Amino acid sequence: MLIGAVADVHGNFEALAAAMARHDDVRLWMCVGDLASGSGHYPSVPAPLYWIKGNNENFDRVAEWERGEPSRGNLHLIKNGTATMVGPLRVAALGGTFAPTWYETPADRLPRAPRDDKRRHFVRDEVEACLRLGPIDVLLTHEAARPFVITGERQTRRWRRDAGKPAINQLLATLQPRLHLCGHHHQFVEMVREGVRSVCIDRIDRSYLLIDADTLAYAQVLQT
C-alpha cells in the first residue's frame, strides 16, 4: 500500500490534483501544512487527505475543525498534539511555526488578527501533548528539526542560519517515530535527526513523496 505525502500547497490546487490523478491507486494522502489558498479556501480532493496546519491557513476554519465541525469532503485535519490512523499508520501532528514570544501561551489564547494571526504558531502545551502520545509511526510537523541550515544574500552579503527548532528534536528523541515529515522551507532535504529519518518535502508544484505503508521507504516524485 502506498501513501502520498505533499507539502506547501499554498492554494496550488491544480498541482495537487495533478499529483493525485497521476496516482489514482494511492488511496490516502498526507500534507504537512500550508494547504489553503491566499483567500483562505481549501481544495476538494478525490482521496482522503490528512493534513496539519501550516503558518498560512484559514485559521478561523481550522479553529472550527479543531472544535469538531465535520471536515469538508475528503479533508481530515489532524489537530496539534493528537494522533490518528492513516491506513495502517499511527500519525501524530504538530503543525504551525515556532515563536519564542508566544510559546508559553495556551493555544486557545493566541491572538488573532487579519494580518498577523498568532494561531499560526504551536505552543508548549501542544508539544507536551505530543510527547504523551506514545508509539507512533509517522510524525508530521511544519517546522524542521535542528540543524536545518538555510542561506541567503542581503545587500551583497551572504548569510546562513539554522532554521530548525529544538522542540522538533525533542519530539523525535522522545517518540522515535519510524519517519518524520516536515515542510515550510520549500525544498527537498533528507536527514537523520535524533536517530530518526527526517524528510523536508518540497512544495507541491515541484515534487511530492510516495511512501510504502509497510516499510516506510519513500520515493520523491518530480512534478512534470
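A Förster distance of 25 Å, applied to the separation of the beta-carbon atoms of Arg206 and Thr84, puts the FRET efficiency at 0.35.
Charges only on Cβ, +1 for Lys and Arg, -1 for Asp and Glu: so what's the dipole of the chain about the Cα centre, in debye to the nearest 20?
Working: 28 positive and 27 negative charges, 127 e Å.
Rounded to the nearest 20 debye, it is 620 debye.
Give the order of Lys165, Lys53, Lys118 when sorted by the count of other beta carbons within 10 angstrom, beginning with the fewest. Could the numbers behind the result be given before it?
Details: Lys165 25, Lys53 32, Lys118 18.
The most exposed by this proxy come first: Lys118, Lys165, Lys53.
Taken along the Cα-to-beta-carbon direction at a fixed 7 Å, the label points for Met191 and Glu14 span 3.3 nm.
State the volume of the convex hull built on the alpha-carbon positions of the chain, expressed per residue in Å³ and rounded to an integer. List each step's numbers first, then the result.
Working: hull volume 28.8 nm³, N = 224.
Output value, Cα hull per residue: 128 Å³.
On the basis of the beta-carbon distance and an R0 of 30 Å, His23 and Trp159 show a calculated FRET efficiency of 0.20. Taking H as built 1.01 Å from N, whose amide H comes closer than 5 Å to the amide H of Thr97, not counting residues under 5 places away? Under 5 Å from the amide H of Thr97 lie the amide H atoms of His121, Phe122, each far enough along the sequence or on another chain. Averaging Cα coordinates gives a centre for the stretch 209-224 and one for the stretch 11-39; these two points are 14 Å apart.
Relative contact order of the chain: what whole-number percent is it, with Cα pairs under 8 angstrom and at least 6 residues apart? Walk me through the intermediate numbers first.
Details: 532 pairs, mean separation 45.7, N = 224.
So the answer I get is 20 percent.
Between Asn74 and Leu131, the simple label model (points 7 Å from Cα in the Cβ direction) yields a spacing of 3.8 nm.
Read the figures in this text as sums done on the coordinates, not as results from a lab. Since this is a predicted model, take the numbers as computed values, not measurements. FYI the Cβ positions are ideal-geometry reconstructions off the backbone, even for glycines, and counts take in every protein chain you see.
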